[in-house]
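Engineer: Here you go, one structure.
The values are calculated or read from the model by the stated rules, or taken from the named source; none is laboratory data. Not measured: the values here are computed from a predicted model. Because the Cβ atoms are built from the backbone with ideal geometry, glycine has one as well, and the counts that use them run over all protein chains shown. Note: accessible area is taken over every heavy atom of the protein model, side chains too, but ligands, DNA and RNA are not part of it. Shrake-Rupley method; radii C 1.70, N 1.55, O 1.52, S 1.80 Å.
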Amino acid sequence: MKPYKILIVDDELSVRTSLNEWFLEDGFKVETAESAEDALYKMHRGPFDLILLDIKMPGMDGITLQKKIKEIDADVVIIIMTAYASVETAVEALKLGAFDYVTKPFDPDDLSRLVRNALKQKELADENIQLKEKITELAGVSNMVGESEGMKRVLEMVDTVAETDSTVLIRGESGTGKELIARAIHTRSKRRYFPIVAVNCGAIPETLLESELFGHEKGAFTGAQYRRKGKIELANGGTLFLDEIGDISSQMQVDLLRVIESKRFTRVGGGDEIQVDFRLICATNKNLEKLVEEEIFREDLYYRINVFTIFIPPLRERRSDILLLTEFFIQKYSRTMGKPVKKISAAAQEILLSHPWPGNVRELENAIERAMVVGKHSEIMSEDLPLHINEQEKKKDNFIKLDDLEKQHIEKIIAEANGNITRAASLLGIDRVTLYNKIKKYGIKR
Amino acid sequence: MNKQIYLAFINGHFPPDWKNLATDLRHCLPFTFEILSLKVNLRLFHSADRHQYHSTLLLGHLLKNLPEQGEKIIGITDVDIYIPILTFLFGEAQLNGRGAVVSTYRLNTVFYGLPRNDKLLYDRTLKEIMHELGHTFGLVHCADFECVMNSSTYVENIDLKQAFFCQSCQDKMGITCDKRTT
Ligand SMILES: [Zn+2]
Ligand SMILES: [Zn+2]
């Protein structure tokens with residue numbers, strides 16, 4: 001996880017120290033500034049992800065400071081802190097692009113939620129850029145080569161289904177980019193101006209998943225002090241993406257089926273039914289048919305979600321994409337790391353092409369990223385690649401076929417004899433006719 | 001690893017059925033826990049405006065009372081605590097430091113208008129003590145929902161987590177938790 005950097009700007013020492021402590025405990029990197037001048041100085045050494053800014057300080061007023069900060073870094077997220085009296089100023093700050101404001105003293109839950117949302121917003125903006133890159137990457141693969149029939153078919157299906165409002169089931173091994181495909185469908189659909197809300201059903205404990213999906217009313221259970229909207233409600237108008245759908249409990253399957261069929265639900269502890277409108281995309285790497293057979297997954301839910309299925313082939317079944325993806329990742333990381341790596345050596349390419357890639361595109365991306373971190377040349381060498389990928393290659397070497405070995409050896413000797421067959425034959429200890437036969441057999445070029 | 005940690009119950013606040021506290025803490029934390037009863041003039045830290053007690057000032061006072069052979073002190077109080085910028089706190093700790101405070105005020109079901117539940121109050125307090133102690137050992141909040149270092153801004157979070165450090169937090173602290181059966 002990337003540690004976010006926060007700047008706290010407040011003239012009151014106690015505010016600076018207590019917020020500093022609060023955010024440190026939350027795992028953030030924190031700096032503080034006691035005045036506008038101090039804040040601008042720290043901004044120049046920057047960059048920060050988020051600034052908590054007291055709107056009312058002696059000297060430069062908060063609004064002017066906010067403008068100056070935005071001049072230095074237009075992307076930084078600003079949250080205004082205000083005492084009750086200066087709410088009007090806060091409104092002005094919002095108009096100038098502050099993300100939100102909090103009134104002192106803050107409720108801890110409000111503060112952490114606000115910061116979380118602000119950073120998520122920032123990440124989404126960053127992600128949108130990444131997503132664009134990734135979509136061009138996907139499109140690029142299909143336009144440029146057309147060698148990988150599997151991926152071409154996937155993209156055709158994305159285009160076809162994006163225009164409809166049909167439920168989509170995306171299947172593929174982990175690391176094949178199922179969420180990417182879901183997002184590609186969403187961004188090409190008429191719902192693209194509404195949110196796509198993703199829930200990784202496998203990663204959230206059972207006890208939390210219900211309130212995560214359906215939300216809860218204030219007082220729904222001990223300590224539910226606030227009403228919270230669930231992901232289903234947040235996806236209203238847009239797309240709900242349920243990843244690892246094969247992992248949900250039987251009770252949750254019942255609840256989900258009801259929402260999918262009726263497009264109505266109630267928050268936990270709530271009485272009123274809420275109407276929602278969303279497009280459902282599910283994904284899994286599980287064998288759902290087997291789970292249905294074993295009565296672990298409901299058959300009726302299976303038929304509900306299995307309307308239009310896109311199967312993403314594993315990377316090993318579309319080897320022609322490996323070098324293209326490699327090139328894409330090299331470009332991507334040379335840009336983000338500021339490293340002038342442009343190429344990959346022939347030996348390293350060979351290794352990438354023969355690796356089985358059980359972790360698929362994600363594994364390939366990690367391998368390239370790692371190679372670019374450790375590499376010392378302007379070209380990725382085989383020793384820069386992760387060890388386990390190199391090992392795999394060595395293992396393969398040990399199981400080389402005798403024929404292949406003979407072919408390689410003959411090629412090497414012919415090259416050494418400068419193409420002189422008589423000399424090559426004598427070096428190999430065979431007669432010229434036998435050598436000619438072998439050259440023909442192996443299709444060796446001279 | 002024989003560090004002495006003082007659990008200072010402030011102004012005689014120590015429910016009789018909490019005798020197991022030190023034992024329960026030792027499931028994860030291999031230290032010697034000493035239970036103290038500490039008299040504190042809380043009026044010094046009281047805010048008349050807020051009807052709450054200033055947590056950081058209380059923490060400073062506790063540190064002054066840390067016995068010489070002690071490694072850390074953690075104060076447990078039943079009054080409502082705050083820091084100026086926040087409306088309330090469940091607890092406060094010095095990150096990588098020697099002291100912490102835990103308030104049971106908002107851990108109590110009675111605060112939320114619910115029937116008294118001693119078992120729940122005990123479980124919550126135990127988790128909050130572990131959490132704040134974790135901070136004093138340098139741990140920051142953990143994304144694992146069930147880990148005791150998960151951040152709790154409201155009380156239902158506390159009930160979701162376990163009186164347990166996740167493997168990664170255990171590794172960071174260099175400890176091994178026994179599986180509890182309670
Ligand atoms: Zn904490
Ligand atoms: Zn943890």
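Engineer: Residues in segment A:260-272: is at least one of a type in the set (S, T, N, Q), free of Cβ contacts under 8 Å to residues at least 24 places away in the same chain and not in a strand (DSSP E or B)?
Structural biologist: Start the filter on segment A:260-272 by keeping residues that are of a type in the set (S, T, N, Q), which leaves A:262, A:266.
Add one more test, that the residue is free of Cβ contacts under 8 Å to residues at least 24 places away in the same chain, and what stays is A:262.
After this cut, where a residue has to be not in a strand (DSSP E or B) as well, the list is A:262.
Yes, segment A:260-272 contains at least one residue that is of a type in the set (S, T, N, Q), free of Cβ contacts under 8 Å to residues at least 24 places away in the same chain and not in a strand (DSSP E or B).
Engineer: Looking only at segment A:1-32, filter to residues that are surrounded by fewer than 22 Cβ atoms within 10 Å (Cβ to Cβ) and more than 14 Å from every other protein chain (Cβ to nearest Cβ); which one of those is nearest to the chain's Cα centre (by Cα)?
Structural biologist: Only one residue fits best here, namely A:Lys5.
Engineer: Filter segment B:147-176 down to residues that are more than 7 Å from chain A (Cβ to nearest Cβ) and either aliphatic (A, V, I, L, M) or within 12 Å of ligand 2 (Cβ to nearest atom) (or both), then give me how many there are.
Structural biologist: So in segment B:147-176, the residues more than 7 Å from chain A (Cβ to nearest Cβ) come out as B:147-150, B:152, B:157-158, B:161-176.
Of the ones still in play, those that are also either aliphatic (A, V, I, L, M) or within 12 Å of ligand 2 (Cβ to nearest atom) (or both) are B:147-150, B:158, B:161-173, B:175.
So the count comes out to 19.
Engineer: In segment B:131-152, how many residues are open to solvent by less than 10 Å² (accessible area, probe 1.4 Å) and charged (D, E, K, R)?
Structural biologist: Qualifying residue count, segment B:131-152: 1.
Engineer: Please determine, by comparing only the residues of segment B:30-49 that are within 23 Å of A:Trp22 (Cα to Cα) and open to solvent by less than 60 Å² (accessible area, probe 1.4 Å), which one is modelled with the highest pLDDT.
Structural biologist: Checked segment B:30-49; the qualifying residue modelled with the highest pLDDT is B:Phe45.
Engineer: Being under 19 Å from A:Lys401 (Cα atoms), of a type in the set (Val, Ile, Thr) and in a helix (DSSP H, G or I) is the filter here, so list the residues in segment A:412-446 that pass it.
Structural biologist: A:Ile413, A:Ile439
Engineer: May I pose another question? Check whether at least one residue in segment B:115-124 is open to solvent by less than 20 Å² (accessible area, probe 1.4 Å), on the phi < 0 side of the Ramachandran plot and more than 10 Å from chain A (Cβ to nearest Cβ), and report yes or no.
Structural biologist: Just the residues of segment B:115-124 that are open to solvent by less than 20 Å² (accessible area, probe 1.4 Å), to begin with: B:124.
Narrowing further to those that are on the phi < 0 side of the Ramachandran plot: B:124.
Now narrow it down to the ones that are more than 10 Å from chain A (Cβ to nearest Cβ): none.
Taking every residue of segment B:115-124 in turn, none turns out to be open to solvent by less than 20 Å² (accessible area, probe 1.4 Å), on the phi < 0 side of the Ramachandran plot and more than 10 Å from chain A (Cβ to nearest Cβ).
Engineer: Here is a check on your reading of the model: is A:Leu324 under 30 Å from A:Asp243 (Cα atoms) and in contact (Cβ under 8 Å) with a residue 60 or more places away in the chain? First the steps, then the outcome.
Structural biologist: On the way: under 30 Å from A:Asp243 (Cα atoms): yes; in contact (Cβ under 8 Å) with a residue 60 or more places away in the chain: yes.
Yes; evaluated as a whole, the condition is true for this residue.
Engineer: May I pose another question? Of all residues in segment B:131-174, which are free of Cβ contacts under 8 Å to residues at least 24 places away in the same chain, away from ligand 1 (no atom under 12 Å from the Cβ) and not in a loop (DSSP other than H, G, I, E, B)?
Structural biologist: Across segment B:131-174, the qualifying residues are B:Glu156, B:Leu160, B:Gln167, B:Asp171.
Engineer: Being more than 24 Å from A:Ala220 (Cβ to Cβ), within 11 Å of chain A (Cβ to nearest Cβ), aliphatic (A, V, I, L, M) and away from ligand 2 (no atom under 16 Å from the Cβ) is the requirement here; does B:Leu59 meet it? Quick ask: steps written out before the conclusion?
Structural biologist: Numbers: more than 24 Å from A:Ala220 (Cβ to Cβ): yes; within 11 Å of chain A (Cβ to nearest Cβ): yes; aliphatic (A, V, I, L, M): yes; away from ligand 2 (no atom under 16 Å from the Cβ): yes.
So B:Leu59 fits the description; yes.
Engineer: Going through B:Arg116, B:Arg124 one at a time, which residue ends up being away from ligand 2 (no atom under 16 Å from the Cβ) and in a loop (DSSP other than H, G, I, E, B)?
Structural biologist: Values: B:Arg124 fails: in a loop (DSSP other than H, G, I, E, B).
Exactly one of B:Arg116, B:Arg124 is away from ligand 2 (no atom under 16 Å from the Cβ) and in a loop (DSSP other than H, G, I, E, B), namely B:Arg116.
Engineer: Hey, can you tell me all the residues within segment B:72-89 that are farther than 16 Å from B:Ser37 by Cα and more than 8 Å from chain A (Cβ to nearest Cβ)?
Structural biologist: Across segment B:72-89, the qualifying residues are B:Asp80, B:Ile81.
Engineer: Okay, moving on. Mind telling me which of the residues B:Glu128, B:Glu92 ends up being buried (at least 21 other Cβ atoms within 10 Å of the Cβ), at the interface with chain A (Cβ under 10 Å from one of its Cβ atoms) and within 16 Å of ligand 1 (Cβ to nearest atom)? Quick ask: steps written out before the conclusion?
Structural biologist: Values: B:Glu128 fails: at the interface with chain A (Cβ under 10 Å from one of its Cβ atoms).
On inspection, the qualifying residue turns out to be B:Glu92.
Engineer: Still on this structure, please answer the following. At least 1 residues that are under 21 Å from the mean Cα position of the chain (by Cα), polar (S, T, N, Q) and at pLDDT 75 or above in each: list the helices (runs of 4 or more DSSP H) lying fully within segment A:105-198 that qualify.
Structural biologist: On the way: elements: A:108-144, A:149-162, A:178-187.
Counting at least 1 such residues, we get A:108-144, A:178-187.
Engineer: Mind checking which residues of segment B:1-29 are out of contact with any Asp or Glu (no Cβ under 8 Å at 6 or more places or on another chain), surrounded by fewer than 16 Cβ atoms within 10 Å (Cβ to Cβ) and within 18 Å of B:Gly134 (Cβ to Cβ)?
Structural biologist: If the condition is that a residue be out of contact with any Asp or Glu (no Cβ under 8 Å at 6 or more places or on another chain), surrounded by fewer than 16 Cβ atoms within 10 Å (Cβ to Cβ) and within 18 Å of B:Gly134 (Cβ to Cβ), then B:Met1, B:Arg26 are the ones that fit.
Engineer: If you go through segment A:305-328 one residue at a time, do you hit one that is over 26 Å from A:Ala184 (Cβ atoms) and touching a helix residue (DSSP H, G or I) at 6+ places or on another chain (Cβ under 7 Å)? Before you say what the answer is, go through the steps one by one.
Structural biologist: Filtering segment A:305-328 for residues over 26 Å from A:Ala184 (Cβ atoms) gives none.
Looking through segment A:305-328, none of the residues is over 26 Å from A:Ala184 (Cβ atoms) and touching a helix residue (DSSP H, G or I) at 6+ places or on another chain (Cβ under 7 Å).
Engineer: While we're looking at this one, here's another question. Confirm whether A:Lys68 is under 23 Å from B:Ile83 (Cβ atoms) and open to solvent by 50 Å² or more (accessible area, probe 1.4 Å). Please lay out each step first, then the result.
Structural biologist: Working: under 23 Å from B:Ile83 (Cβ atoms): no; open to solvent by 50 Å² or more (accessible area, probe 1.4 Å): yes.
The answer is no for A:Lys68.
Engineer: Of the numbered conditions (1) in contact with a helix residue (DSSP H, G or I) (Cβ under 7 Å, 6 or more places away or on another chain); (2) open to solvent by less than 40 Å² (accessible area, probe 1.4 Å), A:His186 fails exactly one; give the number of that condition.
Structural biologist: The single condition A:His186 does not satisfy is (1).
Engineer: Moving on. May I ask you to list the residues in segment A:297-316 that are touching a residue at least 24 places away in the same chain (Cβ under 8 Å), more than 22 Å from the chain's Cα centre (by Cα) and open to solvent by 20 Å² or more (accessible area, probe 1.4 Å)?
Structural biologist: Result: A:Arg298, A:Asp300, A:Arg304, A:Asn306, A:Val307, A:Phe308.
Engineer: What is the residue count in segment B:57-79 for residues that are surrounded by fewer than 20 Cβ atoms within 10 Å (Cβ to Cβ) and farther than 13 Å from B:Ile10 by Cα?
Structural biologist: Qualifying residue count, segment B:57-79: 10.
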